[in-house]
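The values are calculated or read from the model by the stated rules, or taken from the named source; none is laboratory data. Model, not experiment: these values are computed from the prediction. Here the Cβ positions follow ideal geometry from the backbone for every residue, glycine too, while neighbour counts run over all protein chains shown.
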Amino acid sequence: MKWRYGDPSAHDPEVLPTEEEITVIDIYSTATKLSFKRFPSHSIAEDLALNGYLATAPLHPELAISFKTLELFRSIRLFKASFSTEAFAKLLCHMYTIPYRRFYRTALADAFDIYLTLLRDVKTQVMGALGRDAPGWRAKNACPACNYKIVGEEPPTFNRMIVMDGNNSLKRVATSGGRQQADLRVFEDHDYFLPRDFVDQYANEVKSRQVPRKPELVEDPHAMPEAESEDEAAPEAEGDPTDGAEQLGACASNWKAAAADEKKRMWSIYDESGIFASACRHSLILWIADMVRSGELAKYGIATTAKVLTEIGGKNMHGYDIGCEFLATVNNSSIGEAFRDSGSCFCVNAFHGYSHSYTCQVKFHPLRIVGMGLEDLETMERIFSASNQLASITRYASPYRCRVLIAMFFEHWDSEKYSNIGLMLYNNYRQALQIIEEKTPMLHEAMSALQITEADLEKYRAEEREYFSSLRDEDPEDLRDVLYVEALRELEELRDTSARYYDRTARAADAAAKAGSGPALTFLTPTSGPTTYDADLSATRKLETRRRYLRDRVDQLTADVNEIEVRFGIEKRWEPMDEKYLKAVKYIATRTYQRALGRLQRLVIQRLFELHKMNIAQTGYKARTYIAKNLQRRCKAIRTAVKAYNAAASALDPPRETIDWSTASHYNFIEQFPFLQDTRNDLREKSWAMPAGREVMRLSERVARAHEEIKNVHRELRRLQTWIRDEEQLFTAVLADLKDKNPELHGAVLEFWRRRKTANARNAAYIHATHTLPGFSGIREPGTHDGPSLLPSHLQGAATSAAPDMLTEMAGISVGDSELPDLVEEEDEMDEQMTGLLEFMHTLAL
Ligand SMILES: [Zn+2]
Ligand SMILES: [Zn+2]
């Protein structure tokens, strides 16, 4: 700090220094030697530091690296997280025109660790000077849009919208032996990470569910072998996020099936198998938990939720891709009561919502939840798609470095997202205005055409919820009948087939006997000349095997049928014309139909997800190729599934309409599934289930959410605006106070403030841009913070009036209206595509 912000020449004039020389690396000067003054009262490291160099060893360093070089390396990494130490070491050697040796890499890595530690130390002091050093300050206060309440503002429906999710790309391979064993440091001095023992407190609250095996009745002949057989995976003793619910719901099975793929990878080879992260809707990180030698267990989510309850409090909405089932898990856990008392809730993030059952969407989809605004809660997806690029350098790093890198990445992420809050709110506001402008006339037109009122729509919604919550699983009695009739049918069929085989083989034997070669073996009558004798023999053997198999199968089925009859007291075997038999046959057709439909639905949704992944920027080329291949396979599978569906639909009584490939490949197709599922035709008469009815409900929800978004942005924008003004005052006061008292710390705070000021200026520009949008209806002036002053107590009242009005200043200099389009273009590509796709999905039905 002294080197950077202080006066390097300041020293005690009484003691004369000696001159010394050391080998150095400095990318800017490419100097190889540095002669510097050694002061007996200093350590050599201090003396080097005063010259702008970091010693690579504390006592007898042979090499020193300049701070500027290390700072360059750090800055490159901020913008290209995957840039490795090795690459930078090679770059240095290139600049110096010396051959690369591993020694440079090691020295650089060690020096970089120390450099980051120094920076963290400086940051701690800066935060202390700003009064931001209380434990938990960051999570609670880092996002002004979430936290900086204004006197008199309209209270939000949810205190905060929080997202959480696990991701395995940042896994770290456990090493057995080798040099990394030596690095036993534990990186704890960062408040992003939830300590392992805190997380483990919640470890045994949820036991892993042993998946009950349902009797498999009809084996779908088209089923792909890779589907539906993962339940065998070794049971984990700790439960996953869905295991706390009393029953295994449809969403949970889908989620488990998706996770099963991951589960198969051996977690034990990874020490940290990934991270479980949480953030606010503005993408600022709350906490990160290491997932340790496991997949996504319940404890990570519970620990995060517990932290939200104690550190943030209030009524929050949590978005999680398995939120529907996890809600039950949380309710059954030790934090269940506190969670219910807070009034908080879970929902499913928008895009994932589409893969959940309709029943679930009715309750958990953000579009359906009053107060959500237009928030899609897909934040984690965006965060992970960015953090994935860290994967290549963290995989084999020591636990210490791995955490350091993750912390560094997210710290930078947070500062970028902070400077983006204004832009995000600006975009949301424009989107909301646009929806209101476009959809409101459509909505009114549709409502008057159908002659319905807002009250009718409300009634529709209630009916729809009612219908989907009353849907039940299959009746066990129906299932038993199906089992029985299936066995009877197969038995009948097999008897026919095997009778034919017996016939054939018997005839062959007769023919052989007549030919005088004896009946010892059964074989086919030679149908061709002697050259094909071998082929004939092999065919005969095959036939024999087949016959034996058929006989065994008939025996086994007969035993099965007998057992069912005895167990369920069926005295007289059912005949194909019996009423019960016919009813079961009809039911089987329905089941076959439902299965074919279910499979088709799953495939279409998977395809949609893959298209979605393709669209996310930063999906690497390899991944894209892989996904593209998958998509091709999926399309083939969908064609097969469509065929199976059509066969099943025609077998129904009355038959259903068949579909073709072009229908199935269209996005709109998803919305049809819940209605195709209704084979009892209960929905035929319901207005809410009619396409027109659904269309209107969807429109009205979309418009309602847009109006909420307007209110949310009004509130958050004003919080941000007020914060920027207050923060300016804080820095002015703190800097004035430090100037003489502690010039070095003053320098550090000033540098921090310069960056912060740039971010604030950017935010201020977008606040101004939002204010000038045609249709802006909020308050344009900043308010008064509803809470304690930002200023540390000893500075309160000191410099409050001195601060200039930054907002007007910024609005004037940085964004003339002509510049605005440029700024807006900066919006990152990924966000745009994601929003585009989500927007598209919203315009479909749920
Ligand atoms: Zn926020
Ligand atoms: Zn669900």
For this session: Taking only segment 408-428 into account, find how many residues are in a helix (DSSP H, G or I) and more than 11 Å from ligand 1 (Cβ to nearest atom).
Result: 13
For this session: Take segment 768-793 and flag every residue that is of a type in the set (A, V, I, L, M) and outside any loop (DSSP other than H, G, I, E, B).
Result: A769
Exercise. Can I452 be described as closer than 25 Å to K363 by Cα and in a helix (DSSP H, G or I)?
Worked result: no
Exercise. Listed residues W287, W255; which is modelled with pLDDT of 60 or more and within 16 Å of ligand 2 (Cβ to nearest atom)?
Worked result: W255
Seminar exercise, completed: Of those in segment 285-330 that are assigned to a loop (DSSP other than H, G, I, E, B), within 16 Å of ligand 1 (Cβ to nearest atom) and not small (G, A, S), the residue surrounded by the fewest Cβ atoms within 10 Å (Cβ to Cβ) is K315
For this session: Take segment 331-340 and flag every residue that is within 20 Å of C360 (Cβ to Cβ) and outside any helix (DSSP H, G or I).
Result: N332
Exercise. If the Cβ limit is 6 Å and pairs must be 6+ apart or interchain, which residue in segment 575-601 that is on the phi < 0 side of the Ramachandran plot pairs with which residue that is of a type in the set (S, T, N, Q)?
Worked result: T590/T679
Seminar exercise, completed: In the set A350, A338, A446, the lone residue that is in contact (Cβ under 8 Å) with a residue 24 or more places away in the chain, farther than 26 Å from A462 by Cα and not acidic (D, E) is A338
